[in-house]
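The values are calculated or read from the model by the stated rules, or taken from the named source; none is laboratory data. What you see is a predicted model, and the numbers here were worked out from it, not measured in a lab. Methodologically, a virtual Cβ is constructed for each residue, glycine included, from the backbone with ideal geometry; neighbour enumeration extends over all protein chains shown. Accessible surface areas use protein heavy atoms only, side chains included; no ligands, DNA or RNA. Shrake-Rupley method; radii C 1.70, N 1.55, O 1.52, S 1.80 Å.
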Amino acid sequence: MSATTLATARATPQVSIRLTSVEVLALDLPMITTFQTAHGTTTRKRTIIVRAEDAEGVLGWGEAPASDLPLYSADTYESTWYALTRLLVPLIGGRTFAGPAELAAAYSKYQGYNMAKHGLECAAWAIASSKLGKPLRELFGGSKTTIPTGESFGIKPTVAALLEEIEERVAQGFCRIKVKIEPGWDVDVLREVVTAFPGIPVMGDGNTGYDPGMRGPWLELDQFGLLMIEQPFPGDAILELAALQSRIDTPLCLDETALTPGLTATALKLGAGRIVNIKPGRLGGLTPSLAVHDYCRNLGVPVWCGGLLETGIGRGFNLAIASLPGFTLPADMSPARLFYAEDLVDPTFDIRRDGTIPVPDLPGCGFEVDERRVRKYQAESWRSG
Ligand code: OSB
Ligand code: MG
């Protein structure tokens, strides 16, 4: 039985796709900074890049932004590699599909491996986009051409260091402040942030770090007028999230809970949150992400596009999906320059003084991929066929 999909009336592009050669590339990207959340600290980024060629010679790139350890989700770099090379690519290689959604449907019967599914689906959408000569934004039916963008601030050694970094980013244009929180780094920190930056929406992201059985900082945080509190409890603590939401005015936002369209809908129906962070990697692809967007839009639930520290390749897809009308809150779309010595796309993207990032209008992933750089960071590669 395949995972629940939400019924939507969405038309998807019909363009024949037959992948004749798929390369899966494991990249080891040096980070110029570390990123600390309640899950742990990211000091190196190993990401999986998919390079697919269609029977007509059209090339498409995708990114599966997996992690070293299964802390944020079950997906790791190794499990993503396994799923792509042993399950997904062998299943779809050489077969003709009527479009990217049909290609994704072929492996939707497999449970899990969401990042891998996403990476492969991205490459198929990139090929569809290039074949049709239309940017992804148009294929998704997006209307916005610029995406308001906030910054996600990791846990820092001191509050002073955090405030200094926020100040720098606000000066660069970032229009929403997201502070990673964990027990001991929450009320006092957020009080200082909302005081120091009045007029800029501030939110906290718990990354599942709080025990639903403990008292928690919720009543204090509820006084701060936060835009939202993202995922304070473990992903499966849906009933506990709903109980918390009924006690506070600040909206809760689903991240780690929203692993599939069905789980997302269930959590919303149970009152576990009032906002959804759509991360196509976590949701297992662009098709399920579009379904969640459409579902939330019908329900009047605001969504926004989160990130998993993708390079420009992955960000191209995130920017395109964030152009849809239901994405009414600022995205997590930190420019790659903040994390990596160099991006895999050239030119890379950046925030503008008005707090937005333009949605790319090149067909494909949206940006020009610098294949020389991809090869430079390649640690392992595998090719189908
Ligand atoms: O919870 O949103 C999160 C990065 C890795 C894992 C989880 C999260 C994040 C971010 C991403 O906050 C920020 C970004 O990609 O710009
Ligand atoms: Mg989050």
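The residue pairs whose first member lies in segment 20-47 and is closer than 15 Å to ALA336 by Cβ and touching a residue at least 24 places away in the same chain (Cβ under 8 Å), whose second member is of a type in the set (Ser, Thr, Tyr) and part of a strand (DSSP E or B), and whose beta carbons are closer than 6 Å, counting only pairs six or more residues apart or on different chains, are LEU27/THR47; LEU29/TYR340; PHE35/THR42.
When each of LEU219, LEU283 is tested for being crowded, with 22+ Cβ neighbours inside 10 Å and of a type outside the set (Asp, Glu), the lone residue that passes is LEU283. Pairs are defined by a Cβ separation below 7 Å, a sequence spacing of at least 6 or placement on different chains, a first member in segment 363-377 that is more than 15 Å from ALA52 (Cα to Cα) and outside any loop (DSSP other than H, G, I, E, B), and a second member that is open to solvent by 30 Å² or more (accessible area, probe 1.4 Å) and not hydrophobic (A, V, I, L, M, F, W, C); the pairs so defined are ARG373/GLU342.
Search segment 234-244 for residues being open to solvent by less than 10 Å² (accessible area, probe 1.4 Å) and within 15 Å of ligand 2 (Cβ to nearest atom), and hand back the single one that is nearest to LYS269 (Cα to Cα).
Initially, segment 234-244 is screened for residues open to solvent by less than 10 Å² (accessible area, probe 1.4 Å), giving 237, 241, 244.
Within this subset, residues satisfying the condition of being within 15 Å of ligand 2 (Cβ to nearest atom) are 237, 241.
On the way: ALA237: 14, LEU241: 12 Å.
Only one residue tops the list, namely LEU241.
Assess whether ALA320 counts as being within 16 Å of SER152 (Cβ to Cβ), of a type in the set (A, V, I, L, M), in contact with a Leu (Cβ under 9 Å, 6 or more places away or on another chain) and more than 16 Å from ligand 2 (Cβ to nearest atom). When the stated conditions are applied, ALA320 does not pass them. Restricting ARG176, ARG191 to those that are under 15 Å from GLU151 (Cβ atoms) and of a type in the set (D, E, K, R) reduces the list to ARG176. Which of the residues spanning segment 124-140 are surrounded by fewer than 16 Cβ atoms within 10 Å (Cβ to Cβ) and assigned to a helix (DSSP H, G or I)? Scanning segment 124-140 gives a single hit, LEU132.
TYR295 meets each of the listed conditions (1) open to solvent by 10 Å² or more (accessible area, probe 1.4 Å); (2) within 12 Å of the chain's Cα centre (by Cα) apart from (2). So GLY307 fits all but one of (1) open to solvent by 10 Å² or more (accessible area, probe 1.4 Å); (2) of a type in the set (Gly, Ala, Ser); (3) more than 16 Å from ligand 2 (Cβ to nearest atom); (4) touching a residue at least 24 places away in the same chain (Cβ under 8 Å); what number is the exception? Of everything listed in (1) open to solvent by 10 Å² or more (accessible area, probe 1.4 Å); (2) of a type in the set (Gly, Ala, Ser); (3) more than 16 Å from ligand 2 (Cβ to nearest atom); (4) touching a residue at least 24 places away in the same chain (Cβ under 8 Å), GLY307 misses just condition (3). Being touching a Leu at 6+ places or on another chain (Cβ under 9 Å) and loosely packed, with under 14 Cβ neighbours inside 10 Å is the filter; apply it to segment 32-54 and report the residue that is farthest from GLY235 (Cα to Cα). Only one residue tops the list, namely ILE32.
Looking across segment 55-77, the residues that are more than 15 Å from ligand 1 (Cβ to nearest atom) and open to solvent by 10 Å² or more (accessible area, probe 1.4 Å) come down to ALA55, GLU56, GLY57, VAL58, LEU59, TRP61. Within 30 Å of PRO183 (Cα to Cα) and surrounded by fewer than 22 Cβ atoms within 10 Å (Cβ to Cβ) - does that describe any residue in segment 5-22? No, segment 5-22 has no match at all. Residue count for segment 183-209 satisfying the condition of being surrounded by 19 or more Cβ atoms within 10 Å (Cβ to Cβ) and under 22 Å from the mean Cα position of the chain (by Cα): 8. Could you give me the residue pairs with C-beta distances under 8 Å whose first residue belongs to segment 141-170 and is part of a strand (DSSP E or B), whose second residue is among the acidic types (Asp, Glu) wherever it lies, and which are 6+ apart or on separate chains? Close Cβ pairs satisfying both conditions: THR146/ASP354; THR149/ASP332; GLY150/ASP332; GLU151/ASP332; SER152/ASP205; SER152/ASP332; PHE153/GLU165.
When residues in segment 78-123 are screened for being farther than 17 Å from GLY281 by Cα, polar (S, T, N, Q) and open to solvent by 40 Å² or more (accessible area, probe 1.4 Å), 1 of them pass. Yes or no: PRO261 more than 16 Å from ligand 1 (Cβ to nearest atom), crowded, with 22+ Cβ neighbours inside 10 Å and either within 23 Å of the chain's Cα centre (by Cα) or farther than 22 Å from PHE35 by Cα (or both)? Yes, satisfied. ARG353 satisfies every condition listed in (1) among the basic types (Lys, Arg); (2) touching a residue at least 40 places away in the same chain (Cβ under 8 Å); (3) within 27 Å of THR43 (Cβ to Cβ) except (3).
Among the residues of segment 204-221, the one identified as of a type in the set (A, V, I, L, M, F, W, C) and either out of contact with any helix residue (DSSP H, G or I) (no Cβ under 9 Å at 6 or more places or on another chain) or part of a loop (DSSP other than H, G, I, E, B) (or both) is MET214.
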